[in-house]
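These notes concern the structure reproduced below.
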Number of protein chains: 2
Amino acid sequence: MSRAYNFCAGPATLPESVLRQARDEMLDWRGTGMSVMEMSHRSDEFVEIAETAEKDLRELAGVSSDYAVLFMQGGASSQFATIPLNLLGDQSSADYINTGIWSKKAIAEASRYGQVNVAASSEASGFTTIPEQSTWNTRNDAAYLHYTPNETIGGLEYDFVPDSGAVPLVADMSSNMLSRPLDVSKFGVIYAGAQKNIGPSGLVVVIIRKDLLGKAHKETPTMMNYQVIADNDSMYNTPATYSWYLAGLVFKWLKAQGGVKAMGETNLRKAQKLYGFIDANDFYANPIDPRFRSWMNVPFTLADDGLNDEFLKGANARGLLNLKGHRSVGGMRASLYNAMPEAGVDALIAYMTEFARERG
Amino acid sequence: MSRAYNFCAGPATLPESVLRQARDEMLDWRGTGMSVMEMSHRSDEFVEIAETAEKDLRELAGVSSDYAVLFMQGGASSQFATIPLNLLGDQSSADYINTGIWSKKAIAEASRYGQVNVAASSEASGFTTIPEQSTWNTRNDAAYLHYTPNETIGGLEYDFVPDSGAVPLVADMSSNMLSRPLDVSKFGVIYAGAQKNIGPSGLVVVIIRKDLLGKAHKETPTMMNYQVIADNDSMYNTPATYSWYLAGLVFKWLKAQGGVKAMGETNLRKAQKLYGFIDANDFYANPIDPRFRSWMNVPFTLADDGLNDEFLKGANARGLLNLKGHRSVGGMRASLYNAMPEAGVDALIAYMTEFARERG
């Protein structure tokens, strides 16, 4: 078929122009006679690709020289261990906010390396809201405060950045990195698996305030030691070069779209359209507190679960792919990352309208 | 330029037909309307890609069902920690053979997790040979015996598989995996960073005897726990899907070439041609004990180091790329992995002949 609208939560759709450029450069990058994936990571050509990607990311996200930007491997799930191994230092415990499945995974892994204080949780509500910060049981002597700005599975997103005082704030931004403007200076560490808003899987971007480097537990694997990775410009060993290159193409594309400010406006419009439609149509429902509905991941249910398969089949036939909800939640989920064009949301709403009219 | 002959030690040249297929499938894999890098790793399509790659690798390398095949991230350098974390178990020490820079890196990292007994070393000879196994100080109660079958930087390769008795044999095959036939049943663990003979960087393939699973140290990061990765078919989290796909294309290409037997014959012929030329020409030299010269990485020096830059410049002009030796060794290095066609070796020898005649 021609290019479909792919609503997958991750790995996710990429900008078509990025894929076209990658295709055109596959056998010969700018007259070098090599694919980017065949280049030495220490070659002038690849170092330029790598440095340009970092520079563009710094410009897009507003990352000052107080921060190191790392291009690592292993996904956010590896960071769940890397964070406590590097940041607990002499302190024995860290604060975590539990707002869903990804928070819980981060908490479970950190608990293997130190004491985790779950300072707030919305589990009792079925993760349909974010607890007000005034109710959080955070501590001034915590090694850090970890939270999950967007829960990809639940479709729950913070509309504020927590105030952590002097405690370093750590955020798993895998699913909403670069989706709207952000004040990076409020954070100690931001990490993001690439496969939603940045590029292909196999790459994880880490933005870390430099004063937090150098505190790794002595048993930290060298490849997980932020100081080592920073000191070697993410090339202590061979990095995921092709993924890094593709991330760089996505950053160029983002800049051409007007950067994260323009992207945030588009993402808000896309989300408002879909939630507005769902709220206005009795056949569909979304359970999340409207204030904290994710701009990136929109779960929704049909009035009759027995129609789910038929809904998905019809969607597939129209090139509206991967709308099936996560197995732990059921129903449907439409992920609306940066690379999902507004026309994709329009096409989805048109189909949902038609389906509800015919089968609702 | 047109496609060059790329002698890079890694990331390294890939088969042109593989790159062409990847290019052609970039925007739409088999009518799905998606690139492989946009697919959910849990989709039917990607699971088929992943399983086919594993099946082809098992067939190529002769891997029985006694072994798990894992597709991990972080490169061989991450395995340097993963191996002791998973295999030391209740034992406190492991045996390592030191034959060069990569052996030393593996030893240094393992020493952080347990006692390392360097059972043999060729450091005194400048890593120009492999000590006879009869001289090794290995122990029957070691947790495992680790060696580096091919030293990518030194250009030193074992021509035998060590006999480790009942002790699990562990090998870093990053630079000679699938380059010739191998009896996998002699090994406990084989690991290989992909970026030489398998695919792009960002993927590391691990072949592990199943009885060695389940012994990880309690502080092992979950993403480094072989048992967890095996139990989840390498999809505990999102794997490096695009690299996995490309590895699968390389495996198909290897099968079409006649598999590792045919590849070994070609690789031997390529290496013999180049070493034969070097030995016959006073202008070039290789310092390695002829018995242990690597088929994959051929370091050589010019009679006059002052001509190195001119040699490299002339080579580049002819599309013979990345011949500069590793900074720790100097001189030149030609890497002749599976994807380097014999015609590339012929072109290199023709250039070396001409250069020696004109400048020697």
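Brief remarks follow.
- Basic side chains Lys and Arg get +1 at the Cβ, acidic Asp and Glu get -1 at the Cβ, and with that the dipole of the range A:50-182 about its Cα centre reaches some 280 debye.
- Charge dipole (the range A:17-256, unit charges on Cβ, about Cα centre) - positive-most of A:Phe80, A:Ala142, A:Trp253: A:Phe80
- Along the range A:118-132 the Karplus relation, 6.51 cos²θ - 1.76 cosθ + 1.60 evaluated at θ = phi - 60°, assigns HN-Hα couplings of 7, 6, 6, 8, 10, 5, 4, 8, x, 6, 9, 8, 10, x, 4 Hz to successive residues, with x for each Gly and Pro.
- Amide H contacts for A:Gly89 (H built 1.01 Å from N in the peptide plane; partners 5 or more residues away or on another chain; cut-off under 5 Å): A:His217.
- DSSP bridge pairs, the range B:17-256: antiparallel proportion in percent, nearest 5: 50 percent
- Placed amide H near A:Gln115: partners under 5 Å, 5+ positions off or other chain: A:Ser93, A:Ala94
- Copy-to-copy label separations for B:Asp66, where each label sits 7 Å from Cα toward Cβ, in nm and ascending: 5.8
- Beta bridges from DSSP with both residues in the protein assembly as shown: antiparallel share about 55 percent, rounded to the nearest 5.
- Alpha carbon convex hull of the protein assembly as shown, volume per residue in cubic angstrom: 150 Å³
- Zone residues, the range A:164-185, relative to A:Glu265, backbone N less than 16 Å from point 7 Å out along Cα-to-Cβ: A:179-182
- Euclidean distance of C-alpha centroids, the range A:77-146 and the range A:178-216, integer Å: 17 Å
- Inter-copy separations for B:Ala350, label at 7 Å along Cα-Cβ, nm, ascending: 5.7
- Under the convention that each Lys and Arg Cβ holds +1 and each Asp and Glu Cβ holds -1, the size of the dipole of the protein assembly as shown around its Cα centre is about 380 debye.
- Nm distances between copies for A:Gly306, ranked from closest, using label points 7 Å along Cα→Cβ: 9.1
- Rounded to the nearest 20, the Cβ-based charge dipole of the range B:17-256 about its Cα centre (Lys and Arg +1, Asp and Glu -1) stands at 240 debye.
- Hz values of 3J(HN,Hα) by residue in the range B:211-220 - Karplus curve (6.51, -1.76, 1.60), Gly and Pro given as x: 5, 8, 6, x, 10, 5, 4, 5, 8, 4
- Residue order, fewest to most beta carbons within 10 Å, for B:Glu342, B:Glu25: B:Glu342, B:Glu25
- Distances between placed amide hydrogens fall under 5 Å for A:Val298 paired with A:Ala334, A:Ser335, A:Leu336, all partners being 5 or more residues away or on another chain.
- Between the residues A:Tyr191, B:Asn316, A:Val205, the greatest Cα displacement towards the positive end of the dipole of the protein assembly as shown, with unit charges on the Cβ of Lys, Arg, Asp and Glu, is found for B:Asn316.
- As a rough footprinting exposure proxy, the listed residues A:Leu203, B:Leu254 were ranked by other beta carbons within 10 Å of their own, and the order from fewest upward is B:Leu254, A:Leu203.
- Within straight-line reach of B:Lys218, meaning a Cα separation under 22 Å, sit the following lysines at least 8 residues removed in sequence or on another chain: A:Lys104, A:Lys105, A:Lys215, A:Lys218, B:Lys210.
- Simple spin-label estimate for A:Arg318 and A:Ala343 in nanometres, 7 Å along Cα-Cβ: 1.6 nm
- Antiparallel bridges, percent of DSSP beta bridges restricted to the range A:159-232 (to nearest 5): 60 percent
- Principal axis dimensions, largest first and in whole angstrom, of the range B:17-256 by Cα: 59, 38, 27
- Residues A:His41, B:His146, A:His217 in ascending order of nearby Cβ atoms (within 10 Å, fewest first): A:His217, A:His41, B:His146.
- Cross-link partners for A:Lys261 among the lysines, with Cα-Cα distance under 20 Å and sequence neighbours closer than 8 places in the same chain left out: A:Lys55, A:Lys186, A:Lys196, A:Lys252, A:Lys270, A:Lys273.
Readers should treat all values here as calculations from the given coordinates under stated rules, not as data from a laboratory. No experiment lies behind these values; they were computed from the predicted model shown. Note that each Cβ is placed from the backbone with ideal geometry, even for glycine, and that neighbours are counted across all protein chains shown.
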